[in-house]
Amino acid sequence: MSECKIWSENEILKREQYREIQLSRLQETVTRAYEHVPYYKEKLKKAGLEPGDIKTLEDIEKIPFTVKDDFRANYPFGLFAVPKNQVVRYHASSGTTGKPTVVGYTKNDMDTWRELIARIVTMAGVTNQDTAQVSFGYGLFTGAFGLHQGLETVGAGVIPMSSGNTQKQIMIMKDFGTTTLISTPSYALHMAEVAREMGIDPKKDLSLKWGLFGGEGSTEAMRRQLNENWGLFATENYGMSELMGPGISGECLALKGMHIAEDHFIPEIIDPATGKILPPGEVGELVITPITKEALPVLRYRTKDITSLHYETCECGRTSVRMSKIQGRSDDMLILGGVNVFPSQIEEILINSEGIGPHYQIRVYKKGYLDKIEVDVELIDANVLDSFQQLENLTNTIKGRLRTVLGIDAKVILVEPRSLARFEGKAKRVIDLREEK
Ligand code: DLL
């Protein structure tokens with residue numbers, strides 16, 4: 001590991017110091033929510049809780065969870081704890097159905113956000129020597145503006161490229177000497193493909209050093225492809241608009257999980273079925289309480305993201321807790337013939353199979369009472385399609401691996417190179433047809 005710089009002393013506090021800060025900030029946040037958000041006052045009262053009842057960090061367990069529907073019920077500004085004239089920025093989730101989830105930031109919230117992004121870009125290798133191309137879509141999505149502000153804070157030169165217009169992205173990358181790429185992992189893979197079509201070898205002809213990827217899940221196999229395709233060092237970071245946007249956690253150069261900014265967020269892992277808190281290291285649903293947000297205090301937000309927490313000090317020197325790669329979302333999990341699988345596990349197998357590119361699509365449908373899946377997988381070499389034998393072998397190999405590794409039966413269809421959809425933002429790889437049949 002090359003030297004991993006640390007932006008803030010708050011990333012290397014002792015556990016007791018974190019706990020002290022967390023308790024006092026939790027108490028403040030509960031008080032703010034109770035006093036300034038009628039919805040929370042009602043909710044806390046119903047749970048028989050007054051702000052003064054939070055005496056230890058463990059008392060967090062008494063606080064009821066917040067879920068996405070609480071945002072919907074209060075659309076657009078019902079959960080805000082400050083008057084509108086103190087809100088200096090709005091963002092909203094991309095929500096495909098219904099109204100988006102609206103979030104707001106005060107001036108202090110913006111300072112916090114910048115600071116936390118400065119931490120994650122620093123831990124991912126970026127310095128004031130770098131030129132960073134932000135290829136997330138600018139707009140209501142928190143990704144682009146979020147990263148942008150923190151990159152400026154560390155002094156990197158920011159190119160606010162936005163997503164799409166991929167050939168132009170590559171041209172700018174070359175002409176401006178981009179060293180740092182900021183995007184979703186799926187879009188980065190697509191961009192590398194377009195670069196090669198333009199006759200540019202991303203490894204030789206471009207100057208990329210760092211890739212900071214987030215906004216959607218990715219596997220270790222995908223990281224390898226990102227590193228190999230671009231000749232960069234890929235890290236990932238995590239966030240969610242309801243809680244702030246990007247900046248909640250990010251990987252350092254040791255790649256041992258994503259460090260959570262514990263002076264600003266309290267993470268918990270719960271059993272998604274019972275809501276009970278699970279011990280460190282166990283896999284479950286991530287619940288987060290931001291403890292410094294002014295405009296929008298949120299208590300115990302159920303992220304639906306499945307991960308685990310690890311408290312040992314990292315080799316980079318940071319003491320803050322790390323969360324492992326998101327395995328999937330609790331509402332994404334498929335139950336196939338009694339076996340629970342996340343699309344990410346299927347992806348890991350596909351992407352590690354020889355002759356197969358990183359593009360695939362999973363269709364889930366119902367046959368009787370059972371969930372079934374069909375997987376379209378893109379070939380790297382179109383010639384395989386001409387040989388029945390080769391096609392059959394490859395299909396059987398992939399089916400066999402899905403069966404032996406995951407215990408699932410899937411229909412596997414190999415399709416021509418470049419025939420599946422590409423995405424400029426978050427990829428949509430699972431199509432759920434269960435409602436329709
Ligand atoms: O995606 C914030 C973000 C932007 C994070 C850019 C990192 C980089 P939302 O649009 O509200 O916010 O979507 C949040 O995206 O609950 C996860 O399911 C997923 N997600 C975000 N980062 C990761 C990641 C932004 N590194 C939802 N791995 C979250 C897996 C991720 N899933």
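The values are calculated or read from the model by the stated rules, or taken from the named source; none is laboratory data. Quantities reported herein were computed from a predicted structural model and do not represent experimental measurements. Don't worry about glycine lacking a Cβ; one is built from the backbone with ideal geometry, like all the others, and counts go over all protein chains shown.
Below is a table of values for the structure above.
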| quantity | calculated |
| --- | --- |
| Residue in region 97-109 that is in a helix (DSSP H, G or I) and surrounded by 20 or more Cβ atoms within 10 Å (Cβ to Cβ) present | yes |
| Test: residue in region 374-385 that is more than 25 Å from residue 306 (Cβ to Cβ), of a type in the set (A, V, I, L, M), at pLDDT 90 or above and buried (at least 17 other Cβ atoms within 10 Å of the Cβ) | yes |
| Sole exception among (1) assigned to a loop (DSSP other than H, G, I, E, B); (2) buried (at least 18 other Cβ atoms within 10 Å of the Cβ); (3) within 16 Å of the ligand (Cβ to nearest atom) for residue 178, by number | (3) |
| Residues satisfying the stated conditions in region 162-182, i.e. under 29 Å from residue 108 (Cβ atoms) and either out of contact with any Phe, Trp or Tyr (no Cβ under 6 Å at 6 or more places or on another chain) or aromatic (Phe, Trp, Tyr) (or both) | 182 |
| Checklist (1) over 30 Å from residue 203 (Cβ atoms); (2) within 13 Å of the ligand (Cβ to nearest atom); (3) among the aliphatic types (A, V, I, L, M) applied to residue 234, failing item | (1) |
| The one condition in (1) at pLDDT below 95; (2) hydroxyl-bearing (Ser, Thr, Tyr); (3) buried (at least 24 other Cβ atoms within 10 Å of the Cβ) that residue 219 fails to fulfil | (3) |
| Residue, nearest to the chain's Cα centre (by Cα), within region 335-353, restricted to residues that are touching a residue at least 40 places away in the same chain (Cβ under 8 Å) and more than 16 Å from the ligand (Cβ to nearest atom) | 341 |
| Residues being farther than 22 Å from residue 272 by Cβ, charged (D, E, K, R) and within 29 Å of the chain's Cα centre (by Cα) - total across region 29-58 | 1 |
| Filtered residues of region 243-254 (kept if surrounded by 24 or more Cβ atoms within 10 Å (Cβ to Cβ) and more than 6 Å from the ligand (Cβ to nearest atom)) | 244, 247, 248, 249, 250, 251, 252 |
| Index of the failed condition, residue 121 passing every other in (1) on the phi < 0 side of the Ramachandran plot; (2) surrounded by fewer than 19 Cβ atoms within 10 Å (Cβ to Cβ) | (2) |
| For residue 213: the one exception among (1) free of Cβ contacts under 8 Å to residues at least 60 places away in the same chain; (2) over 22 Å from residue 163 (Cβ atoms); (3) crowded, with 23+ Cβ neighbours inside 10 Å | (2) |
| Tally of residues being small (Gly, Ala, Ser) and under 22 Å from the mean Cα position of the chain (by Cα) across region 149-164 | 4 |
| Unmet requirement for residue 286, which otherwise passes all of (1) within 15 Å of the ligand (Cβ to nearest atom); (2) closer than 23 Å to residue 349 by Cβ | (2) |
| Test set (1) near the ligand (Cβ under 10 Å from one of its atoms); (2) touching a Ser or Thr at 6+ places or on another chain (Cβ under 6 Å); (3) not hydroxyl-bearing (Ser, Thr, Tyr) - residue 239 fails condition number | (2) |
| When residues of region 192-224 are limited to those that are polar (S, T, N, Q) and within 16 Å of the ligand (Cβ to nearest atom), the one farthest from the chain's Cα centre (by Cα) | 219 |
| Selection from region 310-337 of residues that are within 16 Å of residue 240 (Cβ to Cβ), at pLDDT 95 or above and outside any loop (DSSP other than H, G, I, E, B) | 323 |
| Only one of 274, 289 that is among the hydroxyl-bearing types (Ser, Thr, Tyr), more than 29 Å from residue 132 (Cα to Cα) and crowded, with 22+ Cβ neighbours inside 10 Å | 289 |
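So that you can scan it fast, the table gives a plain yes or no per residue for (1) assigned to a loop (DSSP other than H, G, I, E, B); (2) of a type outside the set (Gly, Ala, Ser):
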| site | (1), (2) |
| --- | --- |
| 137 | yes, no |
| 161 | yes, yes |
| 167 | no, yes |
| 213 | no, yes |
| 222 | no, yes |
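Residue-wise test of (1) at pLDDT below 95; (2) more than 16 Å from the ligand (Cβ to nearest atom); (3) of a type in the set (A, V, I, L, M, F, W, C).
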{"position": "136", "(1), (2), (3)": "no, no, yes"}
{"position": "142", "(1), (2), (3)": "no, no, no"}
{"position": "150", "(1), (2), (3)": "no, no, no"}
{"position": "160", "(1), (2), (3)": "no, no, no"}
{"position": "171", "(1), (2), (3)": "no, yes, yes"}
